Amino acid sequence: MRICAITDIHGRTHLSAELTRVLKAVDLIVIAGDITHFGNKHDAQRVLDTFKNLSSSILAVHGNCDQDSVNRLLDDYNINLHGRSRAVGNTTFYGLGGSNPSPFNTFQESSDTQIAQVLEQFKKSNTRFHILVSHAPPVNTKVDTVMFGKHAGSTAVRTFVEQFQPDVVICGHIHEARGVDTIGTTVIINPGPCPKHYALITVENELQYELH
């Protein structure tokens with residue numbers, strides 16, 4: 001299965017010809033939050049319809065900059081992964097929307113205690129691969145570092161990753177921390193803000209990934 005992972009769209013709907021070709025060719029699009037730029041479900045619908053016109057297979061979580069109504073729209077579209085697990089082929093996906101507290105007091109922020117309560121319900125399935133889709137990156141990694149080297153990720157997400165050891169974490173939130181890191185055997189991927197950046201992940205007999 002070929003997955004295109006994107007994040008931090010922030011309401012943008014103009015896609016490059018390259019990304020359009022990729023989205024049409026992959027088996028699944030995974031959106032790791034911030035679909036809108038402080039927008040509501042109408043803003044999110046405009047964005048999501050752009051992607052739905054390219055693929056019928058989408059999973060998504062909301063970001064900290066999405067209003068409550070965006071999360072409900074994801075339910076309406078039957079693509080909401082927040083607080084849920086969903087098996088697709090040989091892979092089970094687990095979802096966490098929003099973020100840990102930030103200095104900006106955005107719409108969808110939760111304490112690490114609340115985040116842990118969402119994550120602790122997840123159990124490993126008998127599929128070959130396990131992927132956590134979390135808007136917030138785990139703390140103290142290359143993919144949660146903001147200006148001046150400060151780490152802004154979630155402690156609860158890191159604890160979950162250390163204990164659960166999914167094969168991959170797809171995250172976002174920290175635009176300037178695009179990259180890849182590892183925690184134990186888990187690969188942490190922050191694709192960087194869409195539509196300029198994306199990641200391709202292949203899960204077959206082995207895991208392969210690349211940033212674009």
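Just so you know, all these numbers are worked out from the coordinates, no wet-lab data involved. Bear in mind the structure is a predicted one, so any value in this text is a computation, not a measurement. When we count neighbours, we look across all protein chains shown, and the Cβ atoms used for this are built from the backbone with ideal geometry, even at glycine.
Summary of values
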item: Helix-only CD estimate at 222 nm, as mean residue ellipticity for the chain, using -39500 (n - 2.57) per DSSP H run (n ≥ 4); result: -6500 deg cm²/dmol
item: Other-chain or far-sequence residues with amide H under 5 Å of I58's (modelled H); result: I29
item: Cα Rg, Dmax, segment 2-211, angstrom units; result: 15.3, 42
item: Long-range amide H partners of T92 with built H, under 5 Å; result: F129, H130, I131
item: Mean separation of Cα contacts under 8 Å (6+ apart) over length of the chain, as relative contact order %; result: 21 percent
item: Rg/Rg_ref, segment 147-212, where Rg_ref = 2.2 N^0.38 Å and atoms are Cα; result: 1.15
item: Segment 78-191: Cα Rg divided by the 2.2 N^0.38 Å rule of thumb; result: 1.00
item: 5 Å-binned pair-distance histogram of segment 113-154 (Cα, whole percent); result: 5, 18, 21, 20, 16, 12, 4, 2, 0
item: Excluding exposed DSSP-loop GluC sites (Glu not before Pro) (at most 12 other C-beta within 10 Å), longest clean stretch of the chain; result: 1-203
item: Choice from S99, S154, S69 showing the highest fluctuation, given a GNM over the chain with Cα pairs closer than 10 Å; result: S69
